[in-house]
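Take a look at the structure below.
Quick note: the coordinates plus some simple rules give every number you see, no bench work behind them. Just so we're clear, the structure is a prediction, and the values are computed from it rather than from any experiment. Glycine gets a Cβ as well: all are built from the backbone with ideal geometry, and neighbour counts include every protein chain shown.
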Amino acid sequence: MTDNSNSNPSLGFIRLSNAALFSNSLRSRGIDPEAAFKSHGLSATAAADENLFVHAEVFYGLTNTFADLVNDKFLGVRVGEGFAFSDWPPFASAASNAKTLSEFLIRYVQMVPTEVSSVKHSLLVEPNTATYQVTRFGDPGVAPVQVTGFGCAQYIRVIRAVTGQFWDPTKVTFKSKYIGGIPADYQDVQIAFSSNPGIEITFPVDWLFKALQLNIQVAEGQTSKVASEVTVVTALRSVLAGNLDKADLGPVAVAKLLGLEGDRLVKALKQNGTTLSKEVKRLKIERAKSELSKSDKTISEIGLSLGYHDNAHFTRFFRSQTGVNPSAFRSHAASARQR
């Protein structure tokens, strides 16, 4: 069996930009998705940031709100049917140079940890059947109805495209606890309720060896990007990046950006061997060093962008973390560039 693992299964995050497939679908219908984003404390602009992660339940709620906004209980299915495979990096990357369905699914399993940490994907191969599984770590507090509908549509769409004339819906079974967003007779496959909050799609094992012909045009450089697995630390850093100037970067305020409670964030960071204070300091120093080395901003402007309204306070902070003051660091960086 091929699967991926999750280092912190109790706290799952999803790359927010994955919601673009849904928000673009709304725009194609002439509906502005901004209201849905705002109802979850987000914005369409933030969703365009590929480095921003949100708690899985925030993502599930957002996609469900999209469906409510357009009054379409099957929105996830329609998005899964209609998006261009080349427009979604995980799919495009997995399909790049894959010659068979099995190669594609195995690569997709390997891609998942870079996009989401709330689930584990696996491919189970038995003598007569193959089962692609999406395992959620516990039952989420927000039902992933539209995400499940999207998953159902995309996997069936790929399998149909691969099998071509050999496609036989009677040999395909889709199971999940959250099938409310999927038509009962969808594609004539068997849609079954299960106590499993994740997804299982089972089909004949010989289909794994069918040639992959999805005609995906991969943009140059799209598959070369190396991404880290999604953890609470990467998710935290993603939301902090645009908020380093805020006065309140305590547990409650920061956890709210992730869709969490403060004590849950503190506990999760402790499990990862760090603290919120350490991560805030680390990110501020990284930003300060970058600005001092590469920008023409004054030291006061850099300090202000990091939440320090008093230049002396910023200088003391920088020196306490690096051993030198900002002006000395800038001078050293400039000298190093001229060598």
Worksheet item: Picking from Ser320, Ser23, Ser122, which is most flexible by a Gaussian network model of the chain using Cα springs under 10 Å?
Response: Ser320
Discussion item. Please compute the length gained on full extension between Asn311 and Arg337, using 0.36 nm multiplied by the number of residues separating them and subtracting their Cα-Cα distance.
Written reply: 6.8 nm
Discussion item. Of the candidates Ile201, Ile302, Ile14, which one comes out as most mobile in a Gaussian network treatment of the chain with C-alpha springs shorter than 10 Å?
Written reply: Ile302
Discussion item. Under the rule of at least 5 residues apart or a separate chain, name every residue whose amide H is placed under 5 Å from the amide H of Phe13.
Written reply: Ala56, Ser117, Ser118
Discussion item. Using the Cα centre of the range 243-338 as origin and beta-carbon charges of +1 (Lys, Arg) and -1 (Asp, Glu), tell me which of Ser320, Asn243, Leu304 is placed farthest towards the positive end of the dipole.
Written reply: Ser320
Worksheet item: Once the dipole of the chain is set up with Lys and Arg at +1 and Asp and Glu at -1 on Cβ about the Cα centre, which of Leu101, Leu212, Leu52 lies farthest towards its positive end?
Response: Leu52
Discussion item. Is the C-alpha gyration tensor of the chain telling us rounded, prolate or oblate? Criteria: a/c under 1.5 is rounded; beyond that, a/b larger than b/c is prolate, otherwise oblate.
Written reply: prolate
Worksheet item: Which FRET efficiency value, to the nearest 0.05, is calculated for Ala328 and Ala253 with the Förster distance at 41 angstrom and r the Cβ-Cβ distance?
Response: 0.80
Worksheet item: Given only helices, namely DSSP H runs of n ≥ 4 each adding -39500 (n - 2.57), what is the per-residue ellipticity at 222 nm of the chain, to the nearest 500 deg cm²/dmol?
Response: -13500 deg cm²/dmol
Worksheet, complete the sentence: Footprinting proxy, Lys246, Lys270, Lys120, Lys284: sorted fewest to most Cβ within 10 Å, the residues are Lys270, Lys246, Lys120, Lys284
Worksheet, complete the sentence: The residues His332, His40, His55, sorted from fewest to most surrounding Cβ atoms within 10 Å, come out as His332, His40, His55
Practice prompt. List, in the order given, every pair from Lys256/Lys284; Lys246/Lys270; Lys246/Lys267; Lys256/Lys281; Lys73/Lys210; Lys175/Lys210 whose Cα-Cα distance in the structure shown is over 28 Å.
Written response: Lys73/Lys210
Discussion item. How would Val142, Val280, Val134 line up from fewest to most surrounding beta-carbon atoms within 10 angstrom?
Written reply: Val142, Val280, Val134
Discussion item. Contact order normalised by length for the range 2-209, with contacts defined as Cα pairs under 8 Å and 6 or more residues apart; what percent is it?
Written reply: 25 percent
Response to the item:
Full extension between Ala241 and Glu126 adds, at 0.36 nm per residue less the Cα distance, a length in nm of 36.9 nm
Item to complete: Search the structure for amide H atoms under 5 Å from the amide H of Thr129, placed 1.01 Å from N in the peptide plane, and list their residues when 5 or more places away or on another chain.
Response: Val205
